[in-house]
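Remarks on the structure that follows.
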Amino acid sequence: MSHRNAPLTPTGRLRLARCVVDDGWPLRRAAERFQVSHTTSARWASRYRQLGTAGMHDRSSRPHSSPRQTPATVEQQVLRLRREHRIGPVRLAARCDIAASTAHRILTRHSLPPLAACDRATGEPVRRYERSRPGELVHIDVKKLGRIPDGGGHKILGRAAGRANQDRRNGTGYAYLHTALDDHSRLAYTEDLPDEKAATCATFLRRATAWFAQQGVAVERVLTDNAWAYTKNTWRDLGISPRWTRPWRPQTNGKVERFHRTMLDERAYHRPYTSDRERQTAFPDWLDWYNYHRPHTGIDGQPPASRVTNLSEQHI
């Protein structure tokens with residue numbers, strides 16, 4: 001691809017060179033005709049004589065030699081420390097006595113991903129996946145969230161006054177946010193329920209399946225870590241195939257885990273609430289905005305509803 005400020009494309013360069021070499025035009029006449037300098041006209045004519053049509057394309061600006069390039073031994077040291085200790089450019093620079101920008105370029109040159117894109121335990125790049133159609137896989141998880149006493153919690157009254165919520169006998173208790181999230185579209189359905197017992201989970205799954213059906217999504221498989229909360233009758237009655245996450249491996253259910261983090265940042269902890277009822281009242285509007293209006297970076301900045309059929313067009 002030509003430089004954005006280049007006066008000639010490869011086709012224009014070829015026409016200029018043929019005027020000079022094949023048709024015998026003077027260099028200055030060709031330069032004036034194509035509105036370029038005399039030296040530019042001479043350059044393309046010379047390349048055409050030497051290389052023909054192939055010489056009309058841009059050449060790499062990379063130097064033939066780099067005397068001040070970082071020694072290979074230092075590069076190997078940077079790569080070894082990255083593999084063994086999984087540290088970033090700033091700490092690598094301190095250990096190897098180089099600039100942080102140099103350490104970053106070394107990592108980039110060897111195609112090593114950022115630490116944020118790697119698994120913490122193994123250091124390997126995180127393998128991301130996405131189902132091909134809505135309903136093929138729905139992630140289910142429960143987020144435990146402390147309820148807010150009337151008058152406000154620690155964010156309004158301070159830490160000392162807010163500790164009363166931690167009292168198991170006299171405290172306000174916890175909210176259990178049950179969420180079902182579609183893998184392909186990221187469309188989410190959430191309910192604030194009093195517990196995560198088997199009966200509660202089973203009835204939530206039935207309501208979630210019915211809600212997805214209203215959106216035109218037929219749930220085929222469900223991925224969850226609460227295997228004990230569902231009976232065989234639950235799956236058979238709904239026609240759903242169950243899948244279980246790996247034990248002690250929350251990354252397996254990462255999409256719904258990330259949704260809960262977004263929900264906490266943008267709704268639950270976005271501002272202080274004076275009561276749990278006030279926070280619950282604000283939630284439906286946020287969930288509607290998330291599903292139908294909020295740009296989602298995981299799906300090219302589109303809202304989740306853009307990936308499912310919106311027959312009623314009630315959210316456009």
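Being touching a Pro at 6+ places or on another chain (Cβ under 8 Å) and in a helix (DSSP H, G or I) is a property that does not hold for residue 79.
Every residue in the stretch 127-160 that is modelled with pLDDT of 70 or more, of a type in the set (A, V, I, L, M, F, W, C) and not in a strand (DSSP E or B), please. Scanning the stretch 127-160 gives 137, 148.
Can you tell me how many residues within the stretch 177-202 are of a type in the set (A, V, I, L, M) and within 19 Å of the chain's Cα centre (by Cα)? Write out each step before concluding.
Looking only at the stretch 177-202, we keep the residues that are of a type in the set (A, V, I, L, M), and these are 177, 180-181, 187-188, 193, 198-199, 202.
Right, trim to within 19 Å of the chain's Cα centre (by Cα) and you get 181, 187-188.
The total comes to 3.
Of the candidates 274, 281, 262, 234, the single residue that is among the polar types (S, T, N, Q) and outside any helix (DSSP H, G or I) is 274.
Working carefully through the options 20, 74, find the one that is part of a helix (DSSP H, G or I) and closer than 30 Å to residue 114 by Cβ.
Details: 20 fails: closer than 30 Å to residue 114 by Cβ.
Step by step, each of 20, 74 is checked, and only 74 is part of a helix (DSSP H, G or I) and closer than 30 Å to residue 114 by Cβ.
Does residue 163 satisfy the condition of being of a type outside the set (S, T, N, Q) and at pLDDT below 60? So residue 163 passes the test.
Every residue, every condition in (1) surrounded by 13 or more Cβ atoms within 10 Å (Cβ to Cβ); (2) of a type in the set (Phe, Trp, Tyr); (3) modelled with pLDDT under 85, yes or no:
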residue	(1), (2), (3)
180	yes, no, no
196	yes, no, no
218	yes, no, no
222	yes, no, no
254	yes, no, yes
273	yes, yes, yes
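Just checking, how many residues over the stretch 31-75 are under 21 Å from residue 102 (Cβ atoms), surrounded by fewer than 10 Cβ atoms within 10 Å (Cβ to Cβ) and modelled with pLDDT of 90 or more? Number of matching residues: 3.
The values are calculated or read from the model by the stated rules, or taken from the named source; none is laboratory data. This is a predicted model, so every value here is computed, not measured. Neighbour counts are summed over all protein chains in view; Cβ atoms, including those assigned to glycine, are modelled from backbone coordinates with ideal geometry.
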